[in-house]
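Report on the following structure.
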Amino acid sequence: MRPEEKINVLMVIKPIQWSGADKVLMDVATRLNKDKYKVIFAIIGLHPEQEFAIPDSFTQIRFDTPNLHGWRQLLFSCKLCWLMWKYKIKIIHMNSYHPGNYCRLAAYLMRVPIIIDHWHGFGRFNFKRRMICRLFNSFTDLSFAVSAGVGEYVHQQCGTDPAKIRVLYNAVDLVPCQKSQESLKVREELGLTPDQPVVGLVARLDHRAKGHLELIQALALLKDRHPLHALMVGGGRRQEEMRELAASLGLQDKVHFLGNRRDVPVLLQAMDIFVLPSHNEGVSLAVLEAMAAGLPVIVSAVGGLPEIVQHEENGLLIPPKDVEALARSLAQLRENPDLARKLGKKAREHIEAHYSLERMGQVANAAYDELVKEKIK
């Protein structure tokens with residue numbers, strides 16, 4: 001290979017609803033060695049509102065096939081094979097099971113030298129899923145996992161060789177800790193004064209697994225002794241259901257549903273406490289961003305979250321689906337502001353040390369370089 005010749009990398013994302021998993025691949029792409037790797041994005045069913053998310057510096061190939069079912073699977077696979085041939089792809093990198101399986105099979109058929117998949121959470125595996133993954137693992141060169149727990153889960157469910165699994169922690173930009181004029185304006189628009197306590201949750205309302213229900217119920221338990229306002233950031237089909245629940249508990253003026261927002265860093269600065277009482281979770285970007293903003297966090301002790309949050313050291317851990325435990329933890333931080341400040345400070349220090357974008361780039365480049373040295377002559 002001549003020194004000036006770059007290695008073409010194909011990253012495949014399916015951002016029908018722009019998710020943390022797709023953002024992680026974007027973060028990896030922007031931090032790969034630009035002198036050595038050229039990233040091309042294959043984008044399946046990009047929503048118009050998500051145009052801003054992909055820098056113009058990347059070559060982008062659009063697949064207008066948002067639903068990969070029936071004959072669309074074959075059409076997508078054929079187009080993907082053509083794309084790999086046209087751009088002489090040497091590395092393909094995509095998110096886990098769907099659409100990862102189509103991508104891995106196409107890459108195998110086209111003899112792409114390096115195949116990488118990326119696992120973000122604890123998805124359910126039935127017998128069919130396990131067998132498919134075990135088959136495709138035989139020609140997958142590397143599986144990134146966003147936490148050690150996720151890596152172990154993938155090993156157990158898919159039979160992936162531990163030697164092929166590498167932990168690549170999610171990462172975030174460090175955002176200012178102090179409240180800005182923009183964050184004060186957010187409070188003003190919601191009718192909140194600077195000194196009113198605000199708790200926040202950033203997650204889509206497509207299902208109940210993110211703990212919106214538990215947070216609203218905990219706020220109801222605290223409304224007389226420790227009244228709190230809550231910012232619910234994220235759209236989704238259960239938004240109206242949660243709004244009705246809040247109203248039924250007398251919290252219609254306390255719970256603010258903000259929908260999808262692009263100014264999450266500003267919203268974080270408008271909060272005093274961040275919660276994510278998930279029922280299951282890989283490594284949440286929202287939690288990392290909240291900790292980077294210096295917020296005390298309360299999260300469920302599930303999935304990869306205990307790898308990020310150490311109880312009473314840089315945050316608080318609670319059992320999943322435990323409304324009373326969540327209410328007690330919120331009350332604890334309200335009654336002990338010194339503890340809240342200490343946890344917020346330690347949270348930011350932890351993110352600086354372990355979850356920076358620079359560290360993610362170092363790990364990703366090292367993994368790519370090792371595979372290139374072994375597989376591409």
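Values quoted throughout were computed directly from the atomic coordinates according to the rules given, and no laboratory measurement underlies them. In this text, all values refer to a predicted model and were calculated from it rather than measured experimentally. Here the Cβ positions follow ideal geometry from the backbone for every residue, glycine too, while neighbour counts run over all protein chains shown.
Subtracting the Cα-Cα distance of Y108 and A209 from 0.36 nm times their residue separation leaves 32.8 nm of extension gain. Straight-line reach from K79: taking Cα to Cα under 24 Å and skipping same-chain neighbours fewer than 8 places apart, the lysines in range are K6, K14, K23, K38, K88, K90. Neighbour counts of C-beta atoms inside 10 Å place Y355, Y37 in the sequence Y37, Y355, starting with the fewest.
Cβ-Cβ distance of D35 and R262, R₀ of 35 Å, FRET efficiency by 1/(1 + (r/R0)^6): the value works out to about 0.65.
Straightening the chain between A163 and W82 buys 26.0 nm, computed as 0.36 nm per residue apart minus the Cα-Cα spacing. Along the axis of the charge dipole computed for the chain (Cβ charges of +1 for Lys and Arg, -1 for Asp and Glu, origin at the Cα centre), the listed residues N336, N101, A203 are led at the positive end by N101.
All distinct Cα pairs of the range 181-354 go into the 1/r average, and the inverse of that average, the Kirkwood radius, is 15.8 Å.
Counted by neighbouring Cβ atoms within 10 Å, the residues I13, I376 run from fewest to most as I376, I13. Each label point was placed 7 Å from the Cα along the Cα-to-Cβ direction; for R359 and R225 their separation is 3.7 nm.
Using alpha carbons only, how many degrees (0 to 90, rounded to 10) separate the axis of helix 71-86 from the longest principal axis of the chain? Result, in degrees: 60.
Seen from all directions on average, the chain presents a Cα convex hull projection of 19.0 nm². If the chain linking E244 and L184 were pulled fully straight, counting 0.36 nm for each residue of separation and taking away their Cα-Cα distance, it would gain 18.9 nm.
Cβ-to-Cβ counts within 10 Å put M291, M26 in ascending order as M26, M291, the fewest first.
By definition, a body whose alpha carbon gyration tensor gives a ≥ b ≥ c is prolate when a/c is 1.5 or more and a/b is larger than b/c, and the range 253-325 fits this prolate description. Compute, for the chain, the length of the dipole vector about the Cα centre, with Cβ point charges of +1 (Lys, Arg) and -1 (Asp, Glu) only. Units Debye, rounded to 20. With Lys and Arg at +1 and Asp and Glu at -1, about 1500 debye. For the range 62-158, the list of trypsin sites (Lys or Arg not before Pro) that fall in a loop by DSSP and count at most 13 other C-beta atoms within 10 angstrom reads K88, R111, R124.
For the range 130-285, the number of Lys pairs with C-alpha atoms closer than 26 Å, counting only pairs eight or more positions apart or on separate chains, is 7. Charge dipole (Cα centre; +1 on Lys/Arg Cβ, -1 on Asp/Glu Cβ; no other charges) of the range 150-248 amounts to roughly 100 debye. Evaluated with a Cβ-only charge set (Lys, Arg +1; Asp, Glu -1), the range 181-354 carries a dipole of roughly 160 debye about its Cα centre, given to the nearest 20.
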